[in-house]
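Asker: Supplied in structure tokens, the structure appears directly below.
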Amino acid sequence: MTRGRVVVAFDAFKGSLTALEACEAAARGVRDAMPGTDVSLVPMADGGEGSLDALLARGGERRSTETVDAIGRPALAHWALDGQHAVIELAQAAGLPQVEDAPLRPLEATTAGLGRVVLAALDEGATEVTLLLGGSATTDGGTGVLRALGASLTDASGQPIADGGGGLAALERLDLRDLDPRALAARWRFVTDVDAPLTGPRGAAAVFGPQKGATTHDVVLLDDALGRLARVAAAELAIDERSIADVPGAGAAGGIASALRALTGGEIVAGGVWFAALAGLDDAVVGSALVLTGEGRFDEQSAGGKVVSVVHDAAVRHGVPLCVLAGAVDARAAAAMRVPALSIAAGAASLADLQRDAADLLAAGAASVARLALR
């Protein structure tokens with residue numbers, strides 16, 4: 001292969017590198033191995049943790065709001081404002097990493113803190129709200145956000161239900177009369193990294209509840225509760241329940257893109273594809289000689305709309321060779337996607353060592369691939 005431009009389009013390496021830092025490390029390796037090579041950096045994300053940093057790497061103004069985390073403790077959430085477009089990462093205000101130092105509370109965890117950030121964005125004049133959904137500690141169907149925006153959720157006696165997904169088991173009425181009119185007037189977008197429906201065996205509780213601390217009994221309770229939310233919301237909005245519960249992506253981040261999406265008329269978009277368009281991935285890949293991509297762990301989940309699969313598809317469309325560099329590589333996933341994949345781990349090492357040395361290891365891996373591919 002003749003020397004040509006190299007595209008580095010990485011997702012974040014959780015606990016180690018942001019997407020931009022990963023791209024910079026890979027670019028350093030390519031340039032060290034093949035001096036003078038033109039390298040295009042395209043930081044990527046899919047809506048999960050680190051997505052905000054990937055977005056801010058391309059512009060926008062960072063804002064901060066004092067709020068609470070998923071279990072009600074004080075937290076500082078960062079978000080982005082670009083003109084009148086607010087981009088808010090759920091993981092900043094209701095994320096699982098924020099509460100890993102405390103016992104998980106799958107039935108009580110709430111998105112109320114995220115709701116406060118949304119209100120702050122509306123106060124700043126936002127007329128377009130994009131929620132980056134991933135890394136959630138909650139399974140409350142987005143009701144914390146709804147309450148923050150003025151909705152009332154009550155039981156059969158007209159009393160407010162408890163916070164969290166567990167409280168939804170008593171839900172009888174969703175009252176939207178006091179909803180903030182700015183929320184209804186805004187254009188909403190829900191950027192997801194999964195296509196799960198709200199309920200059922202592929203739903204928010206069944207698939208993602210256990211990682212948030214839900215027991216088998218909790219999963220059943222939460223799934224039923226989310227189904228109740230869909231029924232009550234559908235009755236209030238006079239729409240088909242299936243248009244809340246069965247929409248692909250409605251189960252993302254504990255069901256946030258379910259009733260809230262139906263209420264606002266917002267759109268659910270696949271995170272990797274949305275970021276690819278925003279970052280100009282196709283324009284970068286066309287005419288290049290090599291594409292490098294990767295993430296902390298490359299496994300079977302990587303094929304389902306995650307960054308690696310989106311970058312892979314772009315490389316295939318334009319006939320450009322691609323190589324995956326990751327902290328850990330599942331050989332079955334690489335074989336299934338028919339892509340060469342290389343672990344950057346230099347032999348046996350602890351997770352702490354890999355995280356500490358991730359930038360240098362990624363640079364070394366990128367250098368090795370560049371030497372072979374660009375000779």
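Asker: Report ³J(HN,Hα) in whole Hz for each residue of region 228-241, in order, from the Karplus equation J = 6.51 cos²θ - 1.76 cosθ + 1.60 where θ = phi - 60°; Gly and Pro get x.
Answerer: 5, 4, 4, 5, 5, 5, 4, 5, 5, 8, 6, 10, 6, 4
Asker: Just going by the charge dipole of region 73-131, with Lys and Arg at +1 and Asp and Glu at -1 on Cβ, which of ALA109, PRO97, THR130 is farthest out on the positive end?
Answerer: Towards the positive end, the residue furthest out is ALA109.
Asker: Moving to a separate point now. Rounded to the nearest 20 debye, what is the charge dipole size of the chain about its Cα centre when +1 sits on each Lys and Arg Cβ and -1 on each Asp and Glu Cβ?
Answerer: 880
Asker: Using Cα-Cα distances under 8 Å and only pairs 6 or more residues apart, what relative contact order does the chain have, in percent?
Answerer: 20
Asker: Pop out the ³J(HN,Hα) list for region 177-189 in order, Karplus 6.51 cos²θ - 1.76 cosθ + 1.60 with θ = phi - 60°, rounded to Hz; leave Gly and Pro as x.
Answerer: 3J(HN,Hα) across region 177-189, in whole Hz: 5, 9, 5, 4, x, 5, 5, 6, 7, 6, 8, 10, 9.
Asker: For region 135-174, take N as its residue count and report Rg(C-alpha) divided by 2.2 N^0.38 Å.
Answerer: 1.11
Asker: Still on this structure, please answer the following. Taking every pair of distinct Cα atoms and averaging 1/r, then inverting, what Kirkwood hydrodynamic radius in Å comes out for region 225-354?
Answerer: 17.2
Asker: So who's got an amide H within less than 5 Å of the one on GLY135, skipping anything under 5 residues away but keeping other chains? H placed 1.01 Å off N, in plane.
Answerer: Result for GLY135 returns GLU49.
Asker: Need one word for region 121-253: rounded, prolate or oblate. Basis is the Cα gyration tensor (sqrt eigenvalues a ≥ b ≥ c); a/c below 1.5 gives rounded, then a/b vs b/c decides.
Answerer: oblate
Asker: Measure off, as a whole percent, the carbon and sulfur share of the 1.4 Å-probe accessible area of the chain, all protein chains present.
Answerer: After summing per-atom areas, the C and S share lands at 51 percent.
Asker: Same structure again: Can you tell me the convex hull volume per residue for region 1-113, based on C-alpha atoms, in Å³ to the nearest whole number?
Answerer: So the per-residue hull volume is 133 Å³.
Asker: Kindly report the accessible area of the chain per residue (heavy atoms of protein chains, probe 1.4 Å, no ligands, DNA or RNA), in Å².
Answerer: Normalised by residue count, the accessible surface of the chain is 40 Å².
Asker: Which Cα, out of ILE71, PRO197, LEU17, lies furthest along the positive dipole direction of the chain (beta carbon charges, K/R +1, D/E -1)?
Answerer: Value: LEU17.
Asker: List every residue whose amide H lies under 5 Å from the amide H of LEU342, counting only residues 5 or more places away in sequence or on a different chain, with H placed 1.01 Å from N in the peptide plane.
Answerer: VAL324, LEU325, ALA326
Asker: Please get the size of the charge dipole for region 131-217, origin at its Cα centre, with Cβ charges of +1 on Lys and Arg and -1 on Asp and Glu, quoted in debye to the nearest 20.
Answerer: 220
Asker: Something else: If you put +1 on each Lys and Arg Cβ and -1 on each Asp and Glu Cβ, how big is the dipole of region 261-375 around its Cα centre, in Debye rounded to 20?
Answerer: 220
Asker: Let me ask another. Using only the Cα atoms of region 47-130, build the gyration tensor, take square roots of its eigenvalues as a ≥ b ≥ c, and label the shape rounded, prolate or oblate: rounded if a/c is under 1.5, else prolate if a/b is larger than b/c, else oblate.
Answerer: Cα axes put region 47-130 in the prolate bin.
Asker: Oh, and also: Only loop residues by DSSP count here, and only those with at most 10 other Cβ atoms within 10 Å; note down the GluC sites (Glu not before Pro) in region 56-96 that meet that.
Answerer: Passing sites in region 56-96 do not exist.
Asker: I need the phi-derived Karplus couplings for region 356-369: 6.51 cos²θ - 1.76 cosθ + 1.60, θ = phi - 60°, integer Hz, Gly and Pro marked x.
Answerer: Going residue by residue, I get 5, 9, 4, 4, 5, 5, 5, 4, 5, x, 5, 5, 4, 5 Hz, with x marking Gly and Pro.
Asker: What residues qualify as long-range amide H neighbours of LYS14, i.e. H under 5 Å apart, gap of 5 or more or another chain, H built at 1.01 Å from N?
Answerer: Sorted by chain and number, the residues that satisfy this are GLY296.
The values are calculated or read from the model by the stated rules, or taken from the named source; none is laboratory data. Keep in mind that this is a model prediction, so the values were computed, not measured. Cβ sites come from the backbone with ideal geometry, for glycine too, and all protein chains shown count toward neighbours. To get the accessible areas, we keep the full protein, side chains included, count just its heavy atoms, and leave off ligands, DNA and RNA. Shrake-Rupley method; radii C 1.70, N 1.55, O 1.52, S 1.80 Å.
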